Structure formats: C-alpha cells, structure tokens
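Okay, structure first, notes after.
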Amino acid sequence: MPENDSTIQGLQTLSAPALIDLLVCADASDSYEPKQIEITVLRDLILSSNSAFEIASGKLKLKDYLNANNKQIRALSAGTENDYAVNYAQVKEAIMSLAGVTPATPNISELGAFLRLSTTTVSDPWGGFYLFYWCVDNFSNTTMDLSGTSVVASSGATVNFDGSVANIVNIVKDSGWYGNYLHVAVRYRNIKSISPLSGTAHYEVATPGVNDLISEYIPKVVDNPAISKGENRLYITSDPVEGVGISYVCQLLFDDAAETSITGNEAGLIELSGKNPKFTYDMPLNVGNYSFVHARIISVSLLGESVACDTIHNTVDISGDLLSDTLVNYFAARLAEKLVTQDDTSLKIKV
C-alpha cells in the first residue's frame, strides 16, 4: 500500500492549499467512484450553482440584490463612473445633518436699482444652497422666525425668498420700498437637511428703485397755484406734488380777456420748464399791448404723463408793471446825459 494510503482522517493536513490542488470526491453519476477534482473547479461550481452569484470572465457577478444584513460595506473605493458605487466621503456633505450649522446674520447693501443680500460663506459642509428670506414693511425691527417649516415675519408682512449656490443674491427694488425697511434672514441646506434660521438683518431703503422713478401713473394736480407781480417780473408758484422724478411746465398767455382758460394750443403761448413749481418771467414791453396774463402749471412724470391745474389770472398794467418808476427814472437819466436845450443847457431829472 502506498505511503499515503490511509483513511481520510489519517491523511496529512494541507495547510496552504492552492487553487490547482486536488480534492477527493465521489462521482454520483459513476457509482460513486472516487475521483479527483481541482479546487478551482469546485469553487466555480459552488459559486455558479448559487442563486445569488455566478462566475463570468473571471469576475464574481450578482444574480440578485445584495443584502448586507444591516452591516457596513467598508474599504470601498471612490466611484468614478456612472455605474460605480460611491463611498460616504463622496456624498457626506450633501446628506449630513445641518442642525449645528447656523449661517451668519446677512449683510444688506444698495447697488443702484438692486439690493445685495450676503452672508458669510459656509465651508463645512461645502456645496450647499443658501435661502434668503426677506420682507419689506415700515417697521425698523421686524424679525424673521420659524413657524413649523415656514418662515414668518413678526409684522405679518409677506415673506419672499431667493436662493443661490453662492452666499450672495441681488433683488430688484420695487416701487414703494423707498423709505421703508428691508428685513432679511438666511438658511443653508443640502439635499437632505436644512439649517436653523439666522438672525434678522434690517435696512432702510435709502434710494428709489426704477419703478419709483419710471412709472406710468398720472401725477397729481399741483395745489395752491398763484401768480403775482413785482415791477415787470411775474412769479408763478405752487406746492410740489408727491412722487419721484416729477417735473413741471408753466404755461403763460397774454390777451385782453379776463377769464381765458389755457388749452395749450394757443398762438403766443409761452412755456417754462423746471424741476420745482416755482417760475419767474420778466415781461417785455410788447406785452403792454395786453390787459391780462393767464398761467397754469403742469406736473409731468418721467414717462410724459401730465396733468394741469386750472388757469389762474392777473392784470397787466403798462404803466405800473412794465414802465415802473424805477425803469422810467433810468431812461430819464440816460436821456438827460445825451440831450441839451437850444442854448446848450443840460436837462435835469425832476425830483
């Protein structure tokens, strides 16, 4: 009997088997005759016969889903292709809790027609999304607070929000914000979690927005229009109307009718323009042909919408308004300098 003839229990132990080593098996298809089989063949047979695995092209492939039995899969390389698994380090910042991350109270600044809202950059975790919540009202200390999952303003004002992957957003000023207060708070979020709400910042809007400056509304009629005279100078004034960017036009008409209403199409109509409803007009001598002066002030928006007040009236007196004592004395003095009598005596002004 060969040296290795023995019962299986009596054989030497193979402590470091190689895949090419042989095993003893009984061939059931051949009357259970003892035969040899390589370990690799037995391995592939067992794996391929499993309902969950198969061996194909030297790779172990799953036939069904992998049940990790609530255990962690560790030492997983980072995924680099669309069909690769990713490890926790690759998705940590997108799914980690933000309960301990509170953004800084925002800063607010004006940039022409815009208001810029910004907060300190959150770097841990990186790559989140900033949600700026804001409202406008006439209170200087309105606060933003959480009510369930909603952000509400203590004043009851409507809360809006703008989002950005950057820590800055710009919002366009709307009409009516000028002189009121903007209140802003911010939250930070990732795919799964959202941070607590920051403190509330406050800012009084110091300059009008585009819609305040360029609007299609018809301006108001000026109040208290008046016309007065001082020697040959007319003074036409009124109270300014409410609104931003309003300009004014003064229309003047000289004629002999006491109650003429200006329509704007009259021959000889004089127009003066200004940013304030305060106009002066030096009457030339030729208007002394008329007995009355009529005036009205028109308020004009930036888009050209306009409205005029009722026509106001005053008298024109050639001797009192145009040829005042001051003017007559001036002419008399100049003439006295140039004229003499037949005997060469200079003329004197009557005192």
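The values are calculated or read from the model by the stated rules, or taken from the named source; none is laboratory data. Computed from a predicted structure; not experimentally measured. Backbone-built Cβ (ideal geometry, glycine too); neighbour counts: all protein chains shown.
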Matching residues, the stretch 26-49, being in contact (Cβ under 8 Å) with a residue 12 or more places away in the chain and loosely packed, with under 12 Cβ neighbours inside 10 Å: 36
Hits in the stretch 15-42 (condition: outside any strand (DSSP E or B), closer than 23 Å to residue 54 by Cα and of a type in the set (A, V, I, L, M)): 18, 19, 20, 39, 41, 42
Long-range neighbours under 9 Å by Cβ, at least six apart or interchain, first residue assigned by TED's automatic domain parsing to the domain that holds residue 252 within the stretch 293-320, second basic (Lys, Arg) and not in a strand (DSSP E or B): 299/220; 307/220
Residue in the stretch 100-123 that is nearest to the chain's Cα centre (by Cα), counting only those that are among the hydrophobic types (A, V, I, L, M, F, W, C), more than 21 Å from residue 143 (Cβ to Cβ) and part of a loop (DSSP other than H, G, I, E, B): 113
Identity of the residue in the stretch 265-274, surrounded by 13 or more Cβ atoms within 10 Å (Cβ to Cβ) and assigned to a loop (DSSP other than H, G, I, E, B), that ends up farthest from the chain's Cα centre (by Cα): 266
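Yes/no per residue for (1) in the same structural domain as residue 208 (by TED's automatic domain parsing); (2) farther than 15 Å from residue 116 by Cβ; (3) surrounded by 12 or more Cβ atoms within 10 Å (Cβ to Cβ); (4) of a type in the set (Lys, Arg):
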site: 154; (1), (2), (3), (4): yes, yes, yes, no
site: 159; (1), (2), (3), (4): yes, yes, yes, no
site: 166; (1), (2), (3), (4): yes, no, no, no
site: 171; (1), (2), (3), (4): yes, no, yes, no
site: 174; (1), (2), (3), (4): yes, yes, yes, no
site: 177; (1), (2), (3), (4): yes, no, yes, no
Subset of the stretch 44-96 [in a helix (DSSP H, G or I) and aliphatic (A, V, I, L, M)]: 45, 46, 47, 89, 91, 94, 95
Residues of the stretch 275-313 satisfying the condition of being part of a strand (DSSP E or B) and more than 14 Å from residue 222 (Cα to Cα): 280, 281, 282, 292, 293, 294, 313
Failed item, numbered, when residue 51 is tested on (1) out of contact with any Asp or Glu (no Cβ under 8 Å at 6 or more places or on another chain); (2) outside the structural domain of residue 172 (by TED's automatic domain parsing); (3) hydroxyl-bearing (Ser, Thr, Tyr): (1)
Strands (runs of 3 or more DSSP E) contained entirely in the stretch 184-264, each with at least 3 residues that are in contact with a Ser or Thr (Cβ under 8 Å, 6 or more places away or on another chain), modelled with pLDDT of 95 or more and surrounded by fewer than 17 Cβ atoms within 10 Å (Cβ to Cβ): 223-230
Residue in the stretch 84-93 that is basic (Lys, Arg) and free of Cβ contacts under 8 Å to residues at least 24 places away in the same chain present: no
Criterion violated by residue 284 - all others in (1) touching a Gly at 6+ places or on another chain (Cβ under 9 Å); (2) loosely packed, with under 13 Cβ neighbours inside 10 Å; (3) not aromatic (Phe, Trp, Tyr) satisfied: (1)
Test: residue in the stretch 64-74 that is β-branched (Val, Ile, Thr) and touching a strand residue (DSSP E or B) at 6+ places or on another chain (Cβ under 9 Å): no
Residues within the stretch 1-25 that are surrounded by 11 or more Cβ atoms within 10 Å (Cβ to Cβ) and out of contact with any helix residue (DSSP H, G or I) (no Cβ under 7 Å at 6 or more places or on another chain), tallied: 5
